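This report refers to the structure that appears directly beneath it.
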Amino acid sequence: MGDISTITAFCAISTALTAALCVYARAFGHATELLDRPDGVLKLHASETPLIGGLALLLPSFAVSFLYFVRLAPESFMMVALTAATVMLVVGVFDDRIGLSPVFRLVALTLVVFAVFAIEPLLMLRTLRFGVPGANFGVSLGLLAAPITALMIIGFVNATNMADGMNGQLLGSVLIWSVFISRYLGLDLGMPFIAIICSAVVTLGFNLRGRLFSGSSGAYAASLFVALGTIAAYRQAEGSLPAEEPMFWFWLPVIDCVRLMVTRTLARKSPFFGDRNHIHHILQEYARWPYALVIYLALLAAPGLAAMISDGLGTFVLVVCIGCYAALIFMRSGREAGQAADPVSAAVTAVGAHSLGSLANLTRHAVNAEIAAESTEKRAASLKLAG
């Protein structure tokens, strides 16, 4: 297929186009009305910000990837993945523009995923091969291959969308995941992810300065392409990529999504209900941005980087990172419990003070009454003597 010089040229074009879109982000955002306005509740940024980070990242990288595969390998299954992600990019733009319901977005994503399976069966998992030390084994999914694969993809896309809450979080995550995936896809099939890495570096720079946000378009399209790229890497690796390794890559947004959906359901709220209980919100309570971002990305990347050395080391680092995550959640819960107890303590104190005050008043009245009674008795005795 292509050589390094060809891929370099395509990636350079993608990077240049991304830079142009980022430079003119505000004008483009106003022209398309893709703007995120602060509401003082969940959106706490200072001023309206263009929601074109996802477009700046993906439009150029997808465009050069289409051209690359049309020129060199039009039958490539990556064309299907690119098309599916482009469809979700459009859905995300409409969500940023007019606000689509969670149900509509879920239905659209489900239809796109099953359309991918129908067009390119390679992007559906049929067997999960695990690399347990000393005992490699596989699990056939059989008739459940399509629903299980769809559940994995849809769950990951939803988790990634929920995890897009502070500058640099989504773009930094996509950059890290693209590095992991391209390592297994190789130079040719991994070309779209190499282009994404180049464009993500530029977009991330503008995002970190608050010049633009990724938007739903970036979250939905990028996460779907990452999910399909991971499946493609797994199928192409032919055993060199064990089924458990993507867990090292994606653990943080997935586990946080599961926690939030469970706690919201237990609280009798919609699982899609927005709040400020995500891990990135908790991190920002203990560390200011950008330190919170650095901690988040370090927790996200550490298990995958360790797994590049050995699965055993990756597992150990993953357990440590999950322990850190759990500690943050429990610390936050403990602090909330303490804050909830403060109003109760104040109320008890107020009731106690009121009761003591009432008791003091009763005592004073009783003493006054006793003094008055004694005075009356003395006066009566005096009158009796006088008579």
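Each reported figure results from applying straightforward, stated rules to the coordinates on display, with no laboratory input. Please read these numbers as outputs of a predicted model, since none were measured by experiment. Ideal geometry is used to build each Cβ from the backbone, glycine not excepted, and the neighbour counts take in all protein chains shown.
When the chain is fully extended, how far beyond the present Cα-Cα distance does residue 258 get from residue 208, taking 0.36 nm per residue of separation?
15.3 nm
If you take the beta carbon distance between residue 276 and residue 316 as r and set R0 to 45 Å, what does 1/(1 + (r/R0)^6) give as a FRET efficiency, to the nearest 0.05?
My answer for the efficiency is 0.90.
So what J values fall out for region 239-246 if you push phi through Karplus, 6.51 cos²θ - 1.76 cosθ + 1.60 with θ = phi - 60°, rounded to Hz, Gly and Pro as x?
3J(HN,Hα) across region 239-246, in whole Hz: x, 6, 10, x, 5, 7, 5, x.
In what order do 278, 30 fall by count of nearby beta-carbon atoms within 10 Å, going from fewest to most?
In increasing order of surrounding Cβ atoms, one gets 30, 278.
Take the alpha carbon atoms of region 214-332, find their radius of gyration, then divide it by 2.2 N^0.38 Å using N residues; give the quotient.
1.17
What residues have an amide H closer than 5 Å to that of residue 36, excluding those fewer than 5 places away on the same chain, when H is modeled at 1.01 Å from N in the peptide plane?
49, 51
Mind giving me the nanometre distance, one decimal, between the label points for residue 16 and residue 243, set 7 Å out from Cα along Cα→Cβ?
4.6 nm
To the nearest 0.05, what FRET efficiency results for residue 83 and residue 31 with a Förster distance of 25 Å applied to their C-beta separation?
Efficiency at R0 = 25 Å is approximately 0.45.
Could you run the Karplus curve 6.51 cos²θ - 1.76 cosθ + 1.60 with θ = phi - 60° over region 123-130 and give me ³J(HN,Hα) per residue in whole Hz, x for Gly and Pro?
8, 10, 6, 10, 9, 9, 9, 9
Just to verify a number: FRET efficiency for residue 119 and residue 324, C-beta to C-beta distance, R0 = 35 Å, to 0.05?
Efficiency at R0 = 35 Å is approximately 0.25.
So who's got an amide H within less than 5 Å of the one on residue 129, skipping anything under 5 residues away but keeping other chains? H placed 1.01 Å off N, in plane.
Amide H neighbours of residue 129, under 5 Å, 5+ apart: 139, 243.
Once you have the alpha carbon radius of gyration of region 4-242, what is it after dividing by 2.2 N^0.38 Å, with N set to its residue count?
Rounded to two decimals, the normalised Rg is 1.02.
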